[in-house]
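Read-outs: derived from the displayed coordinates by stated rules, not from any lab. Just so we're clear, the structure is a prediction, and the values are computed from it rather than from any experiment. Cβ placement follows ideal geometry from the backbone for every residue including glycine, while neighbour counts extend to all protein chains displayed.
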């Protein structure tokens, strides 16, 4: 990956009870697609959508700091939080 390409991860996940909390529409549940991208300022933006839908929503708490173990670890943590539910938000 070159320095002019932003680091980005995207995966599908089924939300657990309580789903994922978004800024725009509140909690969303079911089969979701989660995208985590490094922003130019070094923070991470986490967005979520109903899988195969057109609209993307901001996961509450995003943008958030990238942890020392990197963006991939943050993305995996977000996926885990959404799987377990409880109104998952971006860590911050």
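Take the Cα radius of gyration of segment 8-84 and divide it by 2.2 N^0.38 Å, with N its residue count; two decimals is plenty.
Working: Rg = 11.5 Å, N = 77, 2.2 N^0.38 = 11.5 Å.
Against the compact-globule rule of thumb, the ratio is 1.00.
What do you get for Rg/Rh over segment 53-92 if you use C-alpha atoms and the Kirkwood form of Rh?
With Rh from the inverse mean 1/r over Cα pairs, Rg/Rh is 0.98.
Just from its helices, what would the mean residue ellipticity at 222 nm be for the chain, if runs of 4 or more DSSP H residues each count -39500 (n - 2.57) and the sum is divided by every residue, rounded to the nearest 500 deg cm²/dmol?
That comes out to -5000 deg cm²/dmol.
Can you give the FRET efficiency to the nearest 0.05 for residue 76 and residue 54, using r as the Cβ-Cβ distance and R₀ = 22 Å?
In this case the efficiency is close to 0.30.
Test of understanding: ordering 82, 28 by Cβ neighbours within 10 Å, fewest first, what list do you get?
Result, fewest neighbours first: 28, 82.
Could you calculate the contour length gain from residue 84 to residue 8, that is, 0.36 nm times the residue separation minus the distance between their Cα atoms, to one decimal place in nm? Write down the numbers at each step before the final one.
Details: separation 76, 0.36 × 76 = 27.36 nm, distance 2.27 nm.
Difference between extended and current length: 25.1 nm.
Rank the residues 84, 22, 33 as a footprinting-exposure proxy: fewest other Cβ atoms within 10 Å of their Cβ go first. Can you show the working numbers first?
On the way: 84 12, 22 21, 33 16.
Taking fewest neighbouring Cβ atoms as first place, the list is 84, 33, 22.
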